[in-house]
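Scroll down for the structure; my scribbles are underneath it.
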Amino acid sequence: KIVFRLNYHTAHGQSLWLKYSTVLDEKGVRFDQIVPLQWLNEGQWQASVKVRGTGCFKIEYNYQLRQTNGVELDEFTHRIT
């Protein structure tokens, strides 16, 4: 289980989402997922994901801000190996 926590101030109606990919190094197989972050309190958001399997893998992820008008903005990308 990996817990992602983000300090980010949003305006009314905005939401944050976690876009992540699990990449199996051995075969290059990629699993893409998008999950909503849950609002914890003023400026704090969180999402938990379960990663299953054995062997080497890496996780690439970024946060996405969604506006009430449907606009999606990717904020930044990270990699975990």
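The values are calculated or read from the model by the stated rules, or taken from the named source; none is laboratory data. Everything numeric here is computed off the predicted structure, so don't read it as measured data. Neighbour counts are summed over all protein chains in view; Cβ atoms, including those assigned to glycine, are modelled from backbone coordinates with ideal geometry. Note: areas computed on protein heavy atoms with side chains; ligands, DNA, RNA excluded. Shrake-Rupley method; radii C 1.70, N 1.55, O 1.52, S 1.80 Å.
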> By a straight-distance test (C-alpha under 20 Å), which lysines pair with K27 as possible cross-link partners, with residues fewer than eight away in the same chain excluded?
Replying inline: K58
> How many percent of the accessible area of the chain is carbon or sulfur, using a 1.4 Å probe?
Replying inline: 48 percent
> Where in the chain lies the longest segment free of GluC sites (Glu not before Pro) that are both loop residues by DSSP (not H, G, I, E, B) and have at most 15 other Cβ atoms within 10 Å?
Replying inline: 43-81
> When the chain is modelled as a GNM with alpha-carbon springs shorter than 10 Å, which of R52, R66, R30 fluctuates the most?
Replying inline: R52
